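The next block holds one structure in the form of structure tokens; read it before the comments.
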Amino acid sequence: MINYLSDTITLPTDAMMQSIQEAKLGDDVYGQDETVNHLEEFAAKLTGKEAACFMPSGTMANLASIMAYCPRGTKALVGDESDIYIFEAGGASVCGGIMYEPIRTQSDGSLSIEDLTNAIPIDKNDPQFALPALICLENTHNRCGGKALSLDYLSEIKRFGDENHIPIYMDGARVFNAALSLGVDIKEITQHVDSLQFCLSKGLSAPVGSIVSGTKQHINEVRRIRKMLGGGMRQAGILAAPALVALQTMIDRLTEDHQKAKRLAKELEAIDGIEVETKDVHSNIIMFKIINENFTWKSFLEAAEKNNVIFSEMGYGRIRAVIHRHITDDDITSTIKIIKEILHSNIIKAY
Ligand SMILES: *Cc1c(COP(=O)(O)O)cnc(C)c1O
């Protein structure tokens, strides 16, 4: 299989498996797991924040963060193409009594200041309105094809948040991809947000988990909500150990994924019947469409799968390819050959 489904499919490295064997463990709900404590300290420092909390998933990291910022009956301003809005089962509404206000997502993954301004009531004392308590950004932006938000935009949005007394939260599931794409230290990005989460289990290849980092106060609150949601884990050092290996050894190699993504996009673009939506590839995600009267996105995905190539659909018939550690240059060569055969000779059978 050549599997472009997601970077979440990456398996732990040998060094990660070894680290699990050797991890010093304790009960993390009592703060006694040394490995978790080490991971949290390391992650806080890496992101330039006061504190960090290890979470079982990015979804729980986002939910706990939103709940920590937003009292019941307030609004979280979220992109209408964001993971938080689309892929997280409405958790903040269900668990927190929080209203998601979907803001149009621009093609570069940003939310415009104008649209955000319109989501803030002119008179905050008018009792008719739910008040915004948080702005959520996504970086890199998945459904915008892995776009990295620019530092200029981030500083503008932070100023806007400060002026309006609304904190800025970043769903930075792939924020290390963003930093590498911009060629900056991660702190250049994180300085513009009050808090963020990032995933350990995507391109970084750890088996499980995310980190929330932010102020001590925010992390204390996130930790309480994590417990409430059932995310307090006991000997979690088993998971924290490979996560530490991921942060210590797996960040820089993400540039290889970016290079391969650029190559795949370029070669896809050259195929008659394929339109690459995100020609300007920033990171490890490519979106493309099939423009061929014999295929819908669905029949194309089926034909690809019969030939052992797996993609996914990301709304509006867009097909997503995610590059990760297990995709080789040879895989890309084979992928292009297979796609050409599918589209141009209508051979759907495996060869
Ligand atoms: C994967 C992802 C999440 C959720 O992380 P899980 O660990 O799968 O729950 C959140 N936001 C974005 C942008 C993601 O890509």
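The values are calculated or read from the model by the stated rules, or taken from the named source; none is laboratory data. Note that this is a predicted model, so its numbers are computed, not measured. Methodologically, a virtual Cβ is constructed for each residue, glycine included, from the backbone with ideal geometry; neighbour enumeration extends over all protein chains shown.
Things to note:
- Every residue from the range 190-246 that is within 15 Å of the ligand (Cβ to nearest atom) and among the acidic types (Asp, Glu): none
- In the range 15-57, the residues that are in contact with a Lys or Arg (Cβ under 7 Å, 6 or more places away or on another chain), over 18 Å from Gln248 (Cβ atoms) and away from the ligand (no atom under 15 Å from the Cβ): Asp27, Asp28, Val29, Glu50, Ala51
- Residue match in the range 265-279 (condition: under 14 Å from Leu180 (Cα atoms), in contact with a Lys or Arg (Cβ under 8 Å, 6 or more places away or on another chain) and surrounded by 20 or more Cβ atoms within 10 Å (Cβ to Cβ)): no
- Helices (runs of 4 or more DSSP H) (entirely within the range 83-191) containing at least 2 residues that are crowded, with 22+ Cβ neighbours inside 10 Å, hydroxyl-bearing (Ser, Thr, Tyr) and at pLDDT 95 or above: none
- Test: residue in the range 177-198 that is within 25 Å of Leu25 (Cα to Cα) and within 16 Å of the chain's Cα centre (by Cα): yes
- Any hit, the range 50-61, residues being of a type in the set (Asp, Glu) and buried (at least 22 other Cβ atoms within 10 Å of the Cβ): no
- Within the range 192-211, the set of residues being in contact with a Lys or Arg (Cβ under 9 Å, 6 or more places away or on another chain), more than 20 Å from Ala261 (Cβ to Cβ) and buried (at least 24 other Cβ atoms within 10 Å of the Cβ) comprises Val193, Ser195, Leu196.
Every residue, every condition in (1) touching a Gly at 6+ places or on another chain (Cβ under 8 Å); (2) farther than 22 Å from Ala321 by Cβ, yes or no:
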position: Val208; (1), (2): no, yes
position: Thr215; (1), (2): no, yes
position: Leu229; (1), (2): no, yes
position: Ala240; (1), (2): yes, yes
position: Met250; (1), (2): yes, no
position: Ala265; (1), (2): no, no
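- Qualifying residue in the range 58-79 (condition: more than 8 Å from the ligand (Cβ to nearest atom), free of Cβ contacts under 8 Å to residues at least 24 places away in the same chain and part of a helix (DSSP H, G or I)): no
- Residue in the range 112-133 that is in contact (Cβ under 8 Å) with a residue 40 or more places away in the chain, within 16 Å of the ligand (Cβ to nearest atom) and touching a strand residue (DSSP E or B) at 6+ places or on another chain (Cβ under 6 Å) present: no
- Note on the range 155-183: residues that are out of contact with any Asp or Glu (no Cβ under 9 Å at 6 or more places or on another chain) and among the aliphatic types (A, V, I, L, M) amount to 4.
- Single residue of Tyr30, Tyr4 found to be of a type in the set (Phe, Trp, Tyr) and surrounded by fewer than 14 Cβ atoms within 10 Å (Cβ to Cβ): Tyr30
- Exactly one residue among Asn284, Asn307 is without any contact (Cβ under 8 Å) to a residue 60 or more places away in the chain and of a type in the set (S, T, N, Q), and that residue is Asn307.
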